[in-house]
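S.K.: Okay, here's the structure, questions in a sec.
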Amino acid sequence: MTDMSLRLPTTRFQAVLDLGPKNAAAVPPPASLGHPDLYADFDDETGQSSLAVEFASGQIHLETVDDGIDYHFHRGNGSDTDRSPWPASTTDPVVTWASTLLADFHLRMPDLLEDLEDAAAWHDEGYDLYICEVEEPTKLDLLTVDIEGELLTLPWLGSGHVDHAHIDGDNHPIALLWTAGDGEPDLPIAEARLDPVTELPVTSALPGIDWTAVGLPANEVVSWLEGIYLNHHVLPDAVGTLLTAVLERLGGLEPAESV
């Protein structure tokens, strides 16, 4: 089990960004639903943006399409449903707010996402403030976030070289790839995925592996992979933390309190 106390310190970071219009802030969702978890993404290849809004009582997932915005619902536990988990009096304002939030977010793509990546790079270099570049005078927003430190992990101590890659399957699985030489790692030796109940990684060593050649026993390999998975796929990174703050500001929400 990875020791979660062995982490770099949490750091306070500020970013000055051009968020564009905040139309969604004028039509907030019902306060009775509580604070939602927000996730958004932009696909460079298709030019589409997507948004997931997850309340404790239900979820709505949206994406931009050629003629507007499509959406569908999930229950609070993430399971599929062909109807809204809320009554119409709640559903209508949720759909209006979430659709407007996605439209506001999409309007700033991909420039805003590039700014977030630049800001994260500044944070990684040890700076505590990033200011975006603008071509003409415009209203900017100051966001202040606390970015959690990564787990302290050892470098790969086995033989050869390793890398990790996403693989097909449920719960965000990845494979640890290994090679004995200097080439690209291509032999899967272990896997990790997210436990949907605990939201912690579950790791497993793959059968038929010559662990002597790998240079580490299987239990040490999966323990090392657990830390890698936590850092890359569970613990929020600088971009993810900033993106959450952007969505909350665009949506007129107060930041969620840390627990």
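S.K.: Send over a whole-number figure in Å² for the accessible area per residue of region 61-107, probe 1.4 Å.
M.R.: 56 Å²
S.K.: Sticking with this one: Between SER57 and LYS139, what is the spin-label point distance in nm, taking each point 7 Å from the Cα along the Cα→C-beta axis?
M.R.: 3.1 nm
S.K.: Over the chain, what relative contact order in percent results from Cα pairs under 8 Å that are six or more residues apart?
M.R.: About 24 percent, as a whole number.
S.K.: Shifting gears a bit: Round to a whole angstrom and tell me the spacing of the C-alpha centers of region 156-200 and region 8-80.
M.R.: The two parts, judged by their Cα centres, are 29 Å apart.
S.K.: Let me ask something else. Grab the DSSP H runs of the chain that are 4 residues or longer, score each as -39,500 (n - 2.57), total them, divide by all residues and round the 222 nm result to the nearest 500 deg cm²/dmol.
M.R.: Helix-only estimate at 222 nm: -7500 deg cm²/dmol.
S.K.: Sorted from largest to smallest, which semi-axis lengths in Å does the alpha carbon gyration tensor of region 137-229 give for its equivalent ellipsoid, taking the root of 5 times each eigenvalue?
M.R.: The equivalent ellipsoid of region 137-229 has semi-axes of 32, 17, 14 Å.
S.K.: Evaluate the distance, in nm, between pseudo-label points positioned 7 Å from the Cα of ASP80 and of ASP44 along their respective Cα→Cβ axes.
M.R.: 3.1 nm
S.K.: Separate question: With a ≥ b ≥ c the root eigenvalues of the C-alpha gyration tensor of region 96-176, is it rounded (a/c under 1.5), prolate (a/b larger than b/c) or oblate?
M.R.: Verdict is oblate for region 96-176.
S.K.: Considering only protein heavy atoms and a 1.4 Å probe, what is the carbon-and-sulfur percentage of the accessible area of the chain? Walk me through the numbers before you get to the answer.
M.R.: Numbers: 7430 of 14780 Å².
So the carbon and sulfur contribution to the accessible surface is 50 percent.
S.K.: Using a Gaussian network model of the chain with C-alpha springs under 10 Å, which one of LEU176, LEU107, LEU206 is most mobile by mean-square fluctuation?
M.R.: Per the Cα network of the chain with a 10 Å cutoff, LEU206 tops the list.
S.K.: Got the relative contact order for region 80-207 handy, in percent, Cα pairs under 8 Å and 6 or more residues apart? Walk me through the intermediate numbers first.
M.R.: Numbers: 106 pairs, mean separation 13.6, N = 128.
Relative contact order of region 80-207: 11 percent.
S.K.: At a probe radius of 1.4 Å, what is the per-residue accessible area of ASP70, in Å² to the nearest 10?
M.R.: 80 Å²
S.K.: What shape does region 79-123 take by its C-alpha gyration tensor, where a ≥ b ≥ c are the square roots of the eigenvalues and a/c under 1.5 counts as rounded, a/b above b/c as prolate, and the rest as oblate?
M.R.: Prolate.
S.K.: Evaluate the Kirkwood expression for the hydrodynamic radius of region 150-197, namely the inverse of the mean inverse distance over all pairs of different C-alpha atoms, and round to one decimal in Å.
M.R.: Working: mean 1/r = 0.0835 Å⁻¹.
After inverting the mean inverse Cα-Cα distance, the result is 12.0 Å.
The values are calculated or read from the model by the stated rules, or taken from the named source; none is laboratory data. Values in this document were obtained by computation on a predicted structure and should not be read as measured data. Neighbour counts run over all protein chains shown; Cβ positions are idealised from the backbone, glycine included. The protein model used for the area step is the full one, side chains on, heavy atoms only, and it has no ligands, DNA or RNA in it. Shrake-Rupley method; radii C 1.70, N 1.55, O 1.52, S 1.80 Å.
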